[in-house]
Protein chains: 2
Amino acid sequence: MRTSNYLLSTLKETPNDAEVVSHQLMLRAGMIRKLASGLYTWLPTGLRVLRKVENIVREEINNAGAVETLMPVVQPFELWEETGRSEKMGAELLRFTDRHDRPFVLSPTAEEVITSLVRNEVSSYKQLPLNLYQIQTKFRDERRPRFGVMRAREFSMMDAYSFDIDKEGLKQSYEAMHEAYCKAFDRMGLDYRPVLADTGAIGGSGSHEFHVLAESGEDLIAFSSESDYAANIEKAEALAPATELAAPTQEMTLVDTPNAKTIAELVEQFDLAIEKTVKTLFVKASDDVDADIIALIIRGDHELNEVKAENLKEVASPLEMATEEEIRALIGAGPGSLGPVGLELPFIVDRTVAVMSDFGAGANVDDKHYFGINWGRDVELGQIEDLRNVVEGDPSPCGQGTIQLKRGIEVGHIFQLGTNYSEKMNCGVLGPNGKNVILEMGCYGIGVSRVVASAIEQNHDENGIIWPAALAPFQVSIVPMNMAKSAEVKEAAEKLYADLTAAGIDVLFDDRKERPGVMFADHELIGIPHTIVIGNRSLENGEMEYKDRHAGTKEGVAVTDIVEFIKQKIA
Amino acid sequence: MRTSNYLLSTLKETPNDAEVVSHQLMLRAGMIRKLASGLYTWLPTGLRVLRKVENIVREEINNAGAVETLMPVVQPFELWEETGRSEKMGAELLRFTDRHDRPFVLSPTAEEVITSLVRNEVSSYKQLPLNLYQIQTKFRDERRPRFGVMRAREFSMMDAYSFDIDKEGLKQSYEAMHEAYCKAFDRMGLDYRPVLADTGAIGGSGSHEFHVLAESGEDLIAFSSESDYAANIEKAEALAPATELAAPTQEMTLVDTPNAKTIAELVEQFDLAIEKTVKTLFVKASDDVDADIIALIIRGDHELNEVKAENLKEVASPLEMATEEEIRALIGAGPGSLGPVGLELPFIVDRTVAVMSDFGAGANVDDKHYFGINWGRDVELGQIEDLRNVVEGDPSPCGQGTIQLKRGIEVGHIFQLGTNYSEKMNCGVLGPNGKNVILEMGCYGIGVSRVVASAIEQNHDENGIIWPAALAPFQVSIVPMNMAKSAEVKEAAEKLYADLTAAGIDVLFDDRKERPGVMFADHELIGIPHTIVIGNRSLENGEMEYKDRHAGTKEGVAVTDIVEFIKQKIA
């Protein structure tokens, strides 16, 4: 590609509205432009990278035995009613009516469409297993789109759906996709981890997320210091402490705490160890419970794990915290003064809290706390559950090592859905015994456009992007110095461009009438791995100058060797 | 690809609701499935063909110097207000609001988005010429989607947009795209014609359509019998007859015609030559005319060309015929009795009518006609225009030969838009003289999904599709006879599959436990060009059987030669 035919559109300044580095660099490198909130046009440089990601994903998913299809972006709303997801998805599911007032949605995913297809097209177990996928535009009407293509409304996603006759088949399909994901992300040169994940709103029995590790990640991943264990913090189990409940050493006392509305204030004003305090959180109860509100009790320095809470049968889903008004109406005290002693509500205690002794908590009276509380003596313990997020240093649930936390960007997700969708949509086949069998489904997604952003989060420096080899928009760039004034430079540059192109290499030939410094800055910003500088002086010595974006090094290479040199660099 | 991993989904019966052969065969061959009216899922076999079309288009458009981008499917409505197309497009432009009640549309095309991009990104004439394109999902909310993907609501389209500093540059960009289109359609093996076209609602100064010739085409194309001239009938000029106006030979007489409401009845009942009659059509006049209605007069056997009529400055656009009520209110007679004599309305006469003598027409009184009308003597001639469709045998407007008509399917369209959009959207750059120059735009579309259907219209027989080599979903299929019972057949089939795949050939290996007849029928239906049959008997003779889908021939080929034989067939 010659820059004279191209739309480079690089920017010197970092745009004000871009918070994360990938968004900043994608704008600066001329990869994307915002059309409207959460809607981006992929400029030529961005699209080249997007297509490379797409192609690697396609190849590995094909190798796993899946077959490509293409489903419409516009889907009939009634399919979403069949599975009940029309409600579950809420406002993220963009709905509209056509000219005949028939209701449709913009596809955020395609479980319903593919299940409807398979129930029509597949009639016998002999046609299974079957794994169908597409790489297609998706739309989610995010309330707050942000971070560029990382959380856009319209984006490119690979979504695959496997259909098996039994759970064993599903497990095999799932493992094949797990492996294909690893191969794809390996080829892309990403530092990623498959992690255990909650199945969330999409439902199902088993699930892994694939996270690219990066400071800017929205998710926290819990790793074991000793094993391969990794889980999204939503999912990572906080084990019950190995310690036993200690005997009381203090009397329970009622203390005036007028200026302590928070745990931090309580700890500071009364010289308490925070590990000797608890937080009592009121949430909406489920219909399983004979009360509207249920209390969840965690240690003062811990965080409630909302997913774990929501997954409890006693807690309403989605999780909803009680408002201050509701709490006051119920207890007569505010949220800063709640605690288990004397509480006339059902409550659930976190595993860690269940082995605490001599601890402090609100007295369910404004401006009063109890100190020296002990389970059994002062209040009955009752139901114990895992309610909190793991923290660094927790024992790993795998039994080996301790928990360490890192931030990750979710770029892929695989689910064992089981019969969740196939049952609702009556998707079955004639089994070996001649009876109808409801199919076992898996679903698999890769956020193709998000992969591009996450690769940048992991691979950049102060001068711009440093692409992994497989994702670079161009593998090589040519910078001719003063081409307009030197026939020798022009001739050498044109010949090199022709030779590299003929060798099947993606080359950016910078034929602009710009200073070399401008060209270098652009190529570094765009992140082209290999740059060849052609100048009169080095040509006189029979050399060109090679620059390595990743290593930051330069070296002279003989003109006669340059094509072979580059081929070896790329191989 | 092994059929055991694949979704073949062929149908024996022709679906009832498919009218044209391409729609029938795409359903039967398992290429597409209907999701809702005008919305189709591309099954694996269909998608393979779609991608081959896409890739050929991409390569040729790249070769023409255009650069690929990707714009969102969802576009802000306000951009369409800027150009006024929000009204012009009518109900085909699907509108909706997002969760924050902001208005958007589903992209039917992207002139507005690309012009808005270029006005922001390109600032100097030095960055021109620039041609940006995408291959992206489009949506048009057709009132009556039909013929499968031929007139679907959601479809894949290549749309390119060129930006030049002047008309000469635009012309060069346009010519380069014209050539790229020809190369692409040539490579696809299609019988097509570039034809002169009306620019229609999209506006602009010059335009060609690319039509694939097929009986089922919705468009009529006028060709010269002697030259390369070809034009959509909407656009093809009907020349003024070479004959002069003849002197009158009859008196004008008023005749009672109570049973002649149509030209056909008049001709039959009064033994008139139809070439001696005229039709008088009342249409809404434009603001340029001092009347609400204007009459258009064409010969009795000719058809009004609505596009030509609409393009007249005297006629309202879009063209609207007067209703019978309006005609009666104005004239006191019905539409079957109109004519120029005594008509108190402005009228325009077709070129052919202008040289008619001794002709018949309605008398503007119910059940009465004048016969023997002559211009000048009985009524003044007035304004003469080209109002009618050309018919076979007309002199070609190119000056050579006569007009022949064929039906065509429009698969591509190129426009010289000029400054139509760039002016409204203020898309200019700094010109060589330091002043702002509004850019000259071209736009270029190829209906990628429609190309697939049109190729089938041209290439099929009673057994199914006969793909042109470049578009076949698989180049070769392997039919093993009784593989389950013969280790030799299985081994030979597996080896051939491996060898052909290693040679980069797209192979369908039919490993189903089906009778050979079922496999042959499927492969013929799908249209795979080359089939190799492997059976015990021929293997014993060291041979495999080769079947040519296009020629319908069979021959034995030595096992040792088969890979080379197929390679040569494909090359």
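The values are calculated or read from the model by the stated rules, or taken from the named source; none is laboratory data. Not measured: the values here are computed from a predicted model. Here the Cβ is made from the backbone with ideal geometry for all residues, glycine too, and neighbour counts use every protein chain on show.
With the stretch A:211-277 as the region, which strands (runs of 3 or more DSSP E) entirely inside it contain at least 3 residues that are in contact (Cβ under 8 Å) with a residue 40 or more places away in the chain and crowded, with 19+ Cβ neighbours inside 10 Å?
A:219-224
Give the residues of the stretch B:120-143 that are in contact with a helix residue (DSSP H, G or I) (Cβ under 8 Å, 6 or more places away or on another chain) and either facing chain A (nearest Cβ under 7 Å) or of a type in the set (Lys, Arg) (or both), sorted by residue number.
Listed by number, the residues that qualify are B:LEU130, B:LEU132, B:ARG140, B:ASP141, B:ARG143.
Checking the structure you have, find out if any residue of the stretch A:82-100 is under 21 Å from the mean Cα position of the chain (by Cα) and polar (S, T, N, Q).
Checking the stretch A:82-100: not a single residue is under 21 Å from the mean Cα position of the chain (by Cα) and polar (S, T, N, Q).
If we keep just the residues of the stretch A:96-110 that are surrounded by fewer than 19 Cβ atoms within 10 Å (Cβ to Cβ), free of Cβ contacts under 8 Å to residues at least 12 places away in the same chain and not in a strand (DSSP E or B), which is farthest from the other protein chains (Cβ to nearest Cβ)?
Filtering first and then ranking leaves A:ASP101.
In the stretch A:242-259, what residues are under 30 Å from A:GLU306 (Cβ atoms) and assigned by the TED database to the domain that holds A:VAL355?
A:THR257, A:ASN259
Please find, among A:ALA309, A:ALA354, the residue that is part of a helix (DSSP H, G or I), hydrophobic (A, V, I, L, M, F, W, C) and closer than 23 Å to A:LEU220 by Cα.
After applying the criteria, what remains is A:ALA309.
Can you tell me which of (1) part of a loop (DSSP other than H, G, I, E, B); (2) over 19 Å from B:PRO103 (Cβ atoms) is the one A:GLN136 doesn't meet?
Of the numbered conditions (1) part of a loop (DSSP other than H, G, I, E, B); (2) over 19 Å from B:PRO103 (Cβ atoms), the odd one out for A:GLN136 is (1).
Among the strands (runs of 3 or more DSSP E) contained in the stretch A:1-82, which hold 2 or more residues that are acidic (Asp, Glu) and either more than 9 Å from every other protein chain (Cβ to nearest Cβ) or surrounded by 19 or more Cβ atoms within 10 Å (Cβ to Cβ) (or both)?
Result: empty, no element qualifies.
Given the structure, is B:PHE155 more than 9 Å from every other protein chain (Cβ to nearest Cβ) and in contact with a Phe, Trp or Tyr (Cβ under 9 Å, 6 or more places away or on another chain)?
yes
What number of residues within the stretch B:242-272 satisfy the criterion of being out of contact with any strand residue (DSSP E or B) (no Cβ under 7 Å at 6 or more places or on another chain) and farther than 17 Å from B:GLY339 by Cβ?
Summing the residues that are out of contact with any strand residue (DSSP E or B) (no Cβ under 7 Å at 6 or more places or on another chain) and farther than 17 Å from B:GLY339 by Cβ in the stretch B:242-272 gives 9.
Under the condition of being surrounded by 14 or more Cβ atoms within 10 Å (Cβ to Cβ), assigned to a helix (DSSP H, G or I) and more than 14 Å from chain B (Cβ to nearest Cβ), which residue from the stretch A:498-521 is modelled with the lowest pLDDT?
Residue satisfying both the conditions and the ranking: A:PRO516.
Name the residues in the stretch B:286-300 that are over 11 Å from B:ALA316 (Cβ atoms), in contact with a Lys or Arg (Cβ under 9 Å, 6 or more places away or on another chain) and assigned to a loop (DSSP other than H, G, I, E, B), would you?
Result: B:GLY300, single match.
So which residues in the stretch B:104-119 are closer than 23 Å to B:PHE155 by Cβ and touching a helix residue (DSSP H, G or I) at 6+ places or on another chain (Cβ under 7 Å), if there are any at all?
Residues satisfying the conditions are B:PHE104, B:VAL105, B:PRO108, B:GLU111, B:GLU112, B:VAL113, B:THR115.
Considering only residues that are touching a strand residue (DSSP E or B) at 6+ places or on another chain (Cβ under 7 Å), of a type in the set (A, V, I, L, M) and either free of Cβ contacts under 8 Å to residues at least 24 places away in the same chain or in a helix (DSSP H, G or I) (or both), which ones fall in the stretch A:312-338?
Selection gives A:ILE327, A:LEU330, A:ILE331.
With respect to A:ASP350, is the statement that it is in contact with a strand residue (DSSP E or B) (Cβ under 9 Å, 6 or more places away or on another chain), charged (D, E, K, R), modelled with pLDDT of 95 or more and surrounded by fewer than 18 Cβ atoms within 10 Å (Cβ to Cβ) true?
no
Read through the list (1) modelled with pLDDT of 95 or more; (2) acidic (Asp, Glu); (3) more than 23 Å from A:LEU7 (Cα to Cα); (4) in a helix (DSSP H, G or I), then give the number of the only condition that A:GLU87 fails.
Condition not satisfied by A:GLU87: (1).
Working carefully through the options A:VAL149, A:VAL113, A:VAL195, A:VAL118, find the one that is in a strand (DSSP E or B) and touching a residue at least 40 places away in the same chain (Cβ under 8 Å).
Every option except A:VAL195 fails the conditions.
If you go through the stretch B:114-172 one residue at a time, how many are under 22 Å from the mean Cα position of the chain (by Cα) and small (Gly, Ala, Ser)?
Residues in the stretch B:114-172 being under 22 Å from the mean Cα position of the chain (by Cα) and small (Gly, Ala, Ser): 5 in total.
Out of A:GLY189, A:GLY204, report the one residue that is in contact with a helix residue (DSSP H, G or I) (Cβ under 8 Å, 6 or more places away or on another chain) and modelled with pLDDT under 95.
Only one candidate qualifies: A:GLY204.
Pairs needed: first member in the stretch B:353-368, under 20 Å from B:LEU296 (Cβ atoms); second member anywhere, among the hydroxyl-bearing types (Ser, Thr, Tyr) and in a loop (DSSP other than H, G, I, E, B); C-beta distance under 6 Å; at least 6 residues apart or different chains.
Every condition considered, the pairs that remain are B:VAL355/B:THR243.
Of all residues being surrounded by fewer than 22 Cβ atoms within 10 Å (Cβ to Cβ) and among the charged types (D, E, K, R) in the stretch A:111-132, which is farthest from B:THR41 (Cα to Cα)? Just the residue, please.
A:LYS126
If you go through the stretch A:522-570 one residue at a time, how many are aliphatic (A, V, I, L, M) and closer than 15 Å to A:VAL507 by Cα?
9
So which residues in the stretch A:522-569 are in contact with a Pro (Cβ under 9 Å, 6 or more places away or on another chain), surrounded by fewer than 17 Cβ atoms within 10 Å (Cβ to Cβ) and assigned to a helix (DSSP H, G or I)?
A:LYS569
Would you mind stating whether A:LEU387 is buried (at least 22 other Cβ atoms within 10 Å of the Cβ) and under 30 Å from A:ILE263 (Cβ atoms)? Don't jump to the end; show me each part of the working.
Values: buried (at least 22 other Cβ atoms within 10 Å of the Cβ): yes; under 30 Å from A:ILE263 (Cβ atoms): yes.
In short, yes.
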